[in-house]
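No lab work stands behind these numbers, since they all come straight from the coordinates. Predicted, not measured: the structure shown is a model, and the values here were computed from it. Ideal geometry is used to build each Cβ from the backbone, glycine not excepted, and the neighbour counts take in all protein chains shown.
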Amino acid sequence: MKRTTLKQLAAFCGGEYLGSHPRLTVDAVVTDSRKAVKGGAFLALKGENFDGHAFVGKALAGGAVCAVVDDADGARAGKYGDNAILVKDTLAAYADIAAGVMARDFPKTRRIAVTGSVGKTSTKELTHAVLASAFRAEKTAANHNNEVGLPQTVLALPLDTEIFVAEMGMRGFGQIQYLEHIVHPEAAIITTIGNAHLELLGSRENILKAKMEVCLGGARLPADKPFRLIVNGDCDLLKDRAKLREIAAGYGCKNIEIITFGQDAACDYRATEVISGEHGINYLLVSREGNCHVDLPLPGEHNVYNSMAAIAAGALFGIAPEDAVVAMRAYAETNSGVNSLRQRTVKLAGGRITLMDDAYNAGPESMPASLKVMAGFTADKHIAALGDMVELGPKSPEFHLEVGRIAAGYCDRIFTVGEKAKAYVTGFDAAVKTRGKAVKCAESFDTTDDAYEAVKAYIDRELAAGHTVAILVKGSHIMHMGHISARLEEDYK
């Protein structure tokens, strides 16, 4: 972020500057008083368990030039220093400041957004890898795909950024709109429309409408420049181009080019002759740019879709599919590339244990995909530690039961954590009995510590018997299933 006067900072967010030195400048906007605040503006965010206004004094003592606050009485009484900027809502102000900086400092930077129910992060990573092979490209890091993380990323972008790949998460209506307002993308990828967030939105159709808020920026583009929307053409709700155009038009985006990827014959980027295994994916890509062989060390058929989305995105910026594949392969073959994907594969106990750590998130679509990948690993025994899937609404028991049934086709045993996850056990046992197999046992636990002890006991028995073990660890982020992965890595390193 370039140096910005307090007057300009207030203008960005529609705030009222209450001091008498409007020409004072700041070089950053900080929301954590524990971090370097000297020379910056401290923005007092509020959450369920904290209120940044309580830390303004600490920030000012640490060298912050001013505070951005929404406590009108306190600000006018001088509680937040001599250079306070008063706003209606600090979270909204954060977005407005980031949007103002994006417009001022990055007028020529091209922007593409990535959203969807499943595969956002992997697709964002692969898209960035492709674009970074030809441009100075930046991306949202880690879990910075929300109302706080995206502004933070934008305000830290290098000034020479040519392309910005922005991942956008969503839990309800208006959230993509908030994020889109910051970035103003000219193109977007929607990976798929699943069942995550049904509890809040009620239907997959509403999830689609909420995701399509990413098209709002199409109304701001020149009349002769279409908004490019790349979507999964195998998804029932995304293959209907007429419906997508109708929703986009409702958001003011009337000039839209829809580009599809998938295995359906109608897709613009189509994967054929697909082979997916433990060591990666292999397929022939048929596209308007010609045919291209894709061979990547990224296990799981879901990465066929993620890689096609990245190839389609690269084509928008003039990168040939062959060059995109080279960039993705280089990314996937590096340690930094593997570790930046939320789904990690780690060899433990001298290679006798294969851990698939996919504990960041979970849903009815990603659970079966991850189970299938894990089952493809070479091992004598395949097991899974599975936590609750959250925000699924009234159909949650049904979704958990079905995942349990599916797990029975891939796993010798499962260990579950959480109240909802008990349905995995029911589904698993029912499926095993139906197939005429001896019940291997699916166990339910209240805590990750209890589940881990059972997992460890099982693994120790199998290792002692000379067997190798592959294990998937997965659940919604709130379940902290990563605790099990961390203990496995510590105990069997």
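Taking every DSSP beta bridge with both residues inside the stretch 106-339, roughly what % is antiparallel (nearest 5)? The partial results should precede the final answer.
Numbers: 13 of 37 bridges.
Close to 35 percent.
Report the FRET efficiency, 1/(1 + (r/R0)^6), for R220 and A249, where r is their Cβ-Cβ distance and R0 is 22 Å, rounded to 0.05.
0.90
On the Cα set of the stretch 178-249, report Rg and Dmax in Å, please.
Expressed in Å, the Cα Rg and Dmax of the stretch 178-249 come to 12.4, 40.
Sorted by mean Cβ packing within 10 Å, highest first, what order do the peptides 45-55, 411-421, 223-233, 113-123 take?
In decreasing order of mean packing, 45-55, 411-421, 223-233, 113-123 become 113-123, 411-421, 223-233, 45-55.
Translational diffusion coefficient, Stokes-Einstein: compute it for the stretch 343-491 using the Kirkwood radius over C-alpha pairs as Rh, at 37 °C and 0.692 mPa s, and state it as an integer in µm² s⁻¹.
Rounded, D is 222 µm²/s.
With both partners inside the chain, how many of the DSSP beta bridges are antiparallel, as a percent to the nearest 5?
Percent antiparallel among DSSP bridges in the chain is about 30.
Classify the stretch 106-339 as rounded, prolate or oblate from the Cα gyration tensor: take a ≥ b ≥ c as the square roots of its eigenvalues, call it rounded if a/c is under 1.5, otherwise prolate when a/b beats b/c and oblate if not.
Working: a/c = 1.41, a/b = 1.19, b/c = 1.18.
Because its axes are fairly even, with a/c under 1.5, the stretch 106-339 counts as rounded.
Write down the Å³ per residue value for the convex hull defined by the alpha carbon atoms of the stretch 4-87.
80 Å³
Is there a quick way to get the dipole size of the stretch 106-339? I mean about its Cα centre, with the Cβ of Lys and Arg at +1 and of Asp and Glu at -1; what is the value in debye to the nearest 20?
That gives the stretch 106-339 a dipole magnitude of about 700 debye.
Over 10 Å intervals from 0, what percent of Cα-Cα pairs in the stretch 251-346 sits in each interval?
The percentages, shortest bin first, are 15, 48, 27, 9, 1.
How much length is gained on full extension from D105 to H293, taking 0.36 nm per residue of separation minus their Cα-Cα distance? Don't skip to the answer; put the middle values down first.
On the way: separation 188, 0.36 × 188 = 67.68 nm, distance 3.95 nm.
Length gained between D105 and H293: 63.7 nm.
Quickly estimate the mean residue ellipticity at 222 nm for the chain, helices only: each DSSP H run with n ≥ 4 gives -39500 (n - 2.57), and the total goes over all residues, rounded to 500. The partial results should precede the final answer.
On the way: 18 runs with 182 residues, N = 493.
Per the formula, -11000 deg cm²/dmol.
Over 23 Å between C-alpha atoms is what I'm after, so list which of K88/K209; K120/K239; K395/K420 land there.
As for pairs spanning more than 23 Å Cα to Cα, those are K88/K209.
Can you tell me the length gained on complete extension of the stretch T25 to K433, counting 0.36 nm per residue apart and subtracting the Cα distance? Walk me through the numbers on the way to the answer.
Details: separation 408, 0.36 × 408 = 146.88 nm, distance 7.00 nm.
Difference between extended and current length: 139.9 nm.
Name the cysteines of the chain that stand alone by the Cβ rule: no other cysteine Cβ under 4.7 angstrom.
Cysteines lacking a close Cβ partner in the chain: C13, C66, C235, C267, C292, C411, C441.
Search the structure for amide H atoms under 5 Å from the amide H of V114, placed 1.01 Å from N in the peptide plane, and list their residues when 5 or more places away or on another chain.
A166, E167, M168, I189
Give the value in nm², to one decimal: projected area of the alpha carbon convex hull of the chain, averaged over all directions. Could you put the intermediate results ahead of the total?
Details: hull surface 97.9 nm².
The Cα convex hull of the chain, projected and averaged over all directions, gives 24.5 nm².
Please identify the trypsin sites (Lys or Arg not before Pro) of the stretch 233-296 that satisfy two criteria: DSSP loop assignment and at most 16 other Cβ atoms within 10 Å. Which are they?
Filter output for the stretch 233-296: K254, R288.
Karplus couplings for the stretch 350-362 from phi (6.51 cos²θ - 1.76 cosθ + 1.60, θ = phi - 60°), rounded to Hz, Gly and Pro as x?
With the stated coefficients, the stretch 350-362 comes to x, x, 7, 10, 10, 9, 9, 8, 10, 8, 6, 7, 7 Hz.
Could you give each residue of the stretch 46-60 its phi-based ³J(HN,Hα) in whole Hz, using Karplus coefficients 6.51, -1.76, 1.60 with θ = phi - 60°, and x for Gly or Pro?
10, x, 5, 10, 8, 9, x, 4, 6, 10, 4, x, 5, 5, 5
With θ taken as phi - 60° and the coefficients 6.51, -1.76 and 1.60, list the Karplus ³J(HN,Hα) couplings across the stretch 377-394 in order, rounded to whole Hz; mark glycine and proline as x.
6, 6, 6, 6, 10, 10, 9, 8, 10, 10, x, 3, 9, 10, 6, 9, x, x
For C66, enumerate residues with amide H under 5 Å from its amide H, sequence gap 5+ or separate chain, H modeled in the peptide plane.
Placed amide hydrogens put F42 under 5 Å from C66.
Can you tell me the length gained on complete extension of the stretch H279 to K38, counting 0.36 nm per residue apart and subtracting the Cα distance?
81.9 nm
Please list, ordered by chain and number, the residues whose modelled amide H lies under 5 Å from the amide H of S444; skip anything fewer than 5 residues away on the same chain.
Here the answer is T416, since their amide H atoms fall under 5 Å of that of S444.
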